[in-house]
Amino acid sequence: MKRPNLKIRKRIIFLMFLFFLIIIALIIRLGYIQLIIGEEYKKEAYEQWSRDITLNSVRGVIYDSKGKKLGMSIGSDTVVCWPDDVKKLEIDYSDIAINEENLFEEFFMKLTNPNYEEIEVVEQEPENKQTPKKIAKTLAEILEMDEEKIYEMITGDENYVTIKRWITIEQSKKIKEANLTGISLIEDSKRVYPHGEFLAHVLGFTNIDQVGMYGIESVYNDELQGVPSRRIVNTDSKGRVLPYGYEEYFEGEEGLNVVLTIDETIQHFAEDALEKGFNDNNAESANIIIMNPNTGEILAMAGLPEYNPNNPREIPSNINSENYTQEELQNIWFKYWRNSVVNDIYEPGSTFKLITAAIALEENKINLNTNFHCDGYVTQIESNTTIKCWRYYNPHGDQNLFEALQNSCNDALAEIGLAIGKETFFEYLNALGFGEKTNVELNGEAVGIVNNPDIMKDVNLVTQSFGQGISVTQLQLATAISAISNGGYLYEPHLVKNLVDQDGNIVMEKKPKLVRRVFSQDTSDKMLEAMKSVVSEGSSRSAYVPGYSVGGKTGTAQKVIDGIYAEDKYITSFVGVAPTYDPEILVLMSIDEPKESYYASTIVAPLIGEIIENTMQYLNVEPKYDEEELEKIEKSYVVVPELEGLTIKEASEILTNLGLNHNVTMEISEDTIVKKQYPESGTEILQNSMITLILN
């Protein structure tokens, strides 16, 4: 046997060495894959056969102060898709059926018959085979959506798409029965507002991802939203969950519940009166706020026009959306979403005279007997324009403070403003919170415009003293007049009472926050008497409610548009407190651009009186009558009958026969049942008093 020559031996050694190097390289590569980048490959593989499903946490409930639900979430499934799994169905060779018998028959026929035409072999698709087009068609029929749109969604480049959120129970059932590849249902929740437009500007709304956009929903979004849950499962190539695969659930945290200071019943009183004032006067807008002056708690807040937070982008039927660009539609939505009580500023007009009078009393610049002479014109200062009293054609003449406020005399208030002085006036406006945010729990709060004394002239001081040339929000004005009414204490207004977890435990309690004391008790008492005299003896008699000692002040301000006063465009308002001997509520209502009359004493004051009467009875505030009132009502008492359980038609007939009025808290049919009533049965009240019937 011949031994290999040297050349062959070298080749063998080279091949062995090369083989050895390849083995070493493979070992190094394998080690690199397993030890260095193994986790990355493992992660990619895990992602291919795993699904990470995010389950929205249960968003907290928004309650009124009595525990009634104003905003809540309900369970509703959402349809989702993994397009990669759907697209695999387009090429699946395992389902191609080739009929071998046909192929053999064709070969045999060719041999025996030269004229035989070839049989076209068609790949038969099984009737139950799923394809992207079939899936799109099925979903379109169930979800009532466009088939082409669904097809684009389920065959797109995204890893995960949401096809439709918040489907019905029946739709969920049909999708489960269809067992579509790459299509799944996940548990979801939808935000709903049971009372529709009710309290919309305070509550706000959420977007499609359940994130708060406006109002309390936005400001307390983190607390309401909680932490989402996650479910990780193993799936097969078609996205179906493996019965014995890996599954892990990460528990989220439910959102906290928000309890408001809003009282649903008082809010109904406010919204009913506001709607009447808005519609009767064909106004551009109208706003109202009701506060507890002793704590800063906001009991009611509303504005018109309003929107439905269940469908915030729905526009009124009289507006054709096709005539507007997307940007113009956005501006229309913003207009409806704005809470004008907080977001908009205006010149308060004569309601601001209460502020000027209180400052002058506190600084001892005037007293209750100081004489003011009105000759129709303000002549104490130089001005490019004539400043006159509204009744310049028939001047008020000599008057004391009470009479000056009753008459709403500009001439007298100008004299009071000059007596105070620019620096002192500015200091008190700052102390009362004008020119800064109140820190209420709402978006976009405006700060107003207050002139610095360094740039003020006497004419600015004079006009501001009777409510012109200064811009405030309604919330600022209500907060400041609350300070006049409660003994001089400025409280921070607030809408949230506390945060509560799902077990009912109070997580955060918001107590009344005293900012500072601005006025003395003596000044407060005098101003309450002055406000009472305006209603009982002055121009605001239409707000008078026997037994409840209503105090208040009207205000009519010419609107400023593009920097100039617009002709025949006014904002008319009224602020009222009751009872003046121990204030329980403060009500401020404004009507923007009333068309028929702009006098607050005729279009706003009566509505405020109605609200105060209803609210005092609801709060069980005992009426206190003076001797004159007692003489008038001695024979006018009526005992409130038991109405609960009757239909609204039956209750209405009984009340009418007794000479009593009534209002209700919702739209009704004649057979709607009365659930509750205010005042309660057995209470003695005056004829023509208002009975509130709670139906829901």
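The values are calculated or read from the model by the stated rules, or taken from the named source; none is laboratory data. As the structure is a prediction and not an experimental result, all values here were calculated from the model. Here the Cβ is made from the backbone with ideal geometry for all residues, glycine too, and neighbour counts use every protein chain on show.
Taking Ile298 and the conditions (1) modelled with pLDDT of 95 or more; (2) part of a strand (DSSP E or B); (3) in contact with a Gly (Cβ under 8 Å, 6 or more places away or on another chain), which numbered condition does it fall short on, given that it satisfies the others?
For Ile298, the failing item is (3).
Out of curiosity, is Asn400 farther than 23 Å from Asp454 by Cα and either in the same structural domain as Gln521 (by TED's automatic domain parsing) or surrounded by fewer than 23 Cβ atoms within 10 Å (Cβ to Cβ) (or both)?
Answer is yes for this residue.
If you take the residues in the range 548-557 that are touching a Phe, Trp or Tyr at 6+ places or on another chain (Cβ under 9 Å) and modelled with pLDDT of 90 or more, which one is surrounded by the fewest Cβ atoms within 10 Å (Cβ to Cβ)?
Here the answer is Ser549.
Taking the range 610-659 as the search range and keeping residues that are acidic (Asp, Glu) and in contact with a Ser or Thr (Cβ under 9 Å, 6 or more places away or on another chain), which one is surrounded by the fewest Cβ atoms within 10 Å (Cβ to Cβ)?
Asp626
What's the number of the only condition in (1) touching an Asp or Glu at 6+ places or on another chain (Cβ under 9 Å); (2) modelled with pLDDT under 95 that Thr463 fails to meet?
Only one criterion is unmet by Thr463, namely (1).
Tell me, yes or no, whether the range 456-469 has at least one residue that is in the same structural domain as Met301 (by TED's automatic domain parsing), under 24 Å from Val341 (Cα atoms), of a type in the set (Lys, Arg) and surrounded by fewer than 18 Cβ atoms within 10 Å (Cβ to Cβ).
no
Any residue at all in the range 325-341 that's part of a loop (DSSP other than H, G, I, E, B), in contact (Cβ under 8 Å) with a residue 60 or more places away in the chain and either over 30 Å from Lys68 (Cβ atoms) or not assigned by TED's automatic domain parsing to the domain that holds Phe574 (or both)?
no
Exactly one of these conditions fails for Thr479: (1) closer than 22 Å to Ala404 by Cα; (2) in a helix (DSSP H, G or I); (3) out of contact with any Asp or Glu (no Cβ under 6 Å at 6 or more places or on another chain). Give me its number.
(1)
Could you say whether any residue in the range 564-574 is small (Gly, Ala, Ser) and out of contact with any helix residue (DSSP H, G or I) (no Cβ under 9 Å at 6 or more places or on another chain)?
yes
Of the numbered conditions (1) of a type outside the set (Lys, Arg); (2) at pLDDT 80 or above; (3) within 48 Å of the chain's Cα centre (by Cα), Ala25 satisfies every one except a single condition; which is it?
Result: Ala25 passes all but (3).
Within the range 403-449, how many residues are part of a loop (DSSP other than H, G, I, E, B), buried (at least 20 other Cβ atoms within 10 Å of the Cβ) and of a type in the set (Val, Ile, Thr)?
Result for the range 403-449: 2.
In the set Lys511, Lys497, Lys532, which member is without any contact (Cβ under 8 Å) to a residue 60 or more places away in the chain, assigned by TED's automatic domain parsing to the domain that holds Thr424, of a type in the set (Lys, Arg) and surrounded by 15 or more Cβ atoms within 10 Å (Cβ to Cβ)?
It is Lys532.
Does the range 367-389 contain at least one residue that is crowded, with 17+ Cβ neighbours inside 10 Å, among the aliphatic types (A, V, I, L, M) and in the same structural domain as Thr554 (by TED's automatic domain parsing)?
Yes: the range 367-389 contains one or more residues that are crowded, with 17+ Cβ neighbours inside 10 Å, among the aliphatic types (A, V, I, L, M) and in the same structural domain as Thr554 (by TED's automatic domain parsing).
Only one residue in Gly467, Gly444, Gly435 is of a type outside the set (Asp, Glu), in contact (Cβ under 8 Å) with a residue 12 or more places away in the chain and under 30 Å from Arg541 (Cα atoms), so which one is that?
Criteria check complete, one pass: Gly467.
What pairs come up if the first residue lies in the range 382-400 and is among the small types (Gly, Ala, Ser), the second is at pLDDT below 85, and their beta carbons are under 7 Å apart, counting only those six or more places apart or on different chains?
Qualifying pairs under 7 Å: none.
Go over the candidates Ser542, Ser549 one by one and state the one that is on the phi > 0 side of the Ramachandran plot, touching a Pro at 6+ places or on another chain (Cβ under 9 Å) and in contact (Cβ under 8 Å) with a residue 40 or more places away in the chain.
Ser549
Please work out which one of (1) surrounded by 16 or more Cβ atoms within 10 Å (Cβ to Cβ); (2) closer than 21 Å to Thr556 by Cα is the condition Pro305 fails and give its number.
Every condition holds for Pro305 apart from (1).
What are the residues in the range 178-229 that are among the charged types (D, E, K, R), in contact (Cβ under 8 Å) with a residue 12 or more places away in the chain and assigned to a loop (DSSP other than H, G, I, E, B), if any?
Passing the criteria: Glu187, Asp188, Glu197.
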